[in-house]
């Protein structure tokens, strides 16, 4: 009877709505991915923590359109590498390691320099595990011995010949 399930009692219909609290990590990742999508992305029950709010503020500085409604958040993305800003931008990640590390990957194609800083705690963390691999794609970084603040200068021509 391997790989089989036997149900001996009939299952009653389940007709309830479950409301699950928002999750910080998922909320940050959704916002970053939505900023790279083309068109409208909508999230319900987005966690409104300090880290998620900092993520949305950073995305606004990079040109993403963000709207809040009663139960949802909407991001209008411009597609991959579609951030729209004209001059050097400074992003404050607060205490969010998730935001500060993941957004670096989205900025590999940044048109101008982008500075990422954070609070005292975040600024003491090592970022070499993110910046070193991204240099292989052509991005250039100026760091404080591998720590924040980090200035990324993207590339129009990522190195596609590198073998991993």
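Data for the structure
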quantity	calculated
Hits in segment 53-73 - residues which are closer than 19 Å to residue 19 by Cα and either touching a strand residue (DSSP E or B) at 6+ places or on another chain (Cβ under 7 Å) or crowded, with 19+ Cβ neighbours inside 10 Å (or both)	71, 72, 73
Conditions (1) part of a loop (DSSP other than H, G, I, E, B); (2) over 17 Å from residue 151 (Cα atoms); (3) in contact with a helix residue (DSSP H, G or I) (Cβ under 9 Å, 6 or more places away or on another chain); number of the one not met by residue 94	(2)
Flag if residue 25 is part of a helix (DSSP H, G or I), touching a helix residue (DSSP H, G or I) at 6+ places or on another chain (Cβ under 9 Å) and exposed (fewer than 15 other Cβ atoms within 10 Å of the Cβ)	yes
Where residue 58 falls short, out of the listed (1) at negative phi; (2) modelled with pLDDT of 95 or more; (3) in contact with a helix residue (DSSP H, G or I) (Cβ under 8 Å, 6 or more places away or on another chain); (4) not in a helix (DSSP H, G or I)	(4)
Identity of the residue in segment 134-164, at pLDDT 95 or above and out of contact with any strand residue (DSSP E or B) (no Cβ under 9 Å at 6 or more places or on another chain), that ends up nearest to residue 93 (Cα to Cα)	147
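The values are calculated or read from the model by the stated rules, or taken from the named source; none is laboratory data. Note that the structure is predicted; figures quoted are calculated from it, not measured. Ideal geometry is used to build each Cβ from the backbone, glycine not excepted, and the neighbour counts take in all protein chains shown.
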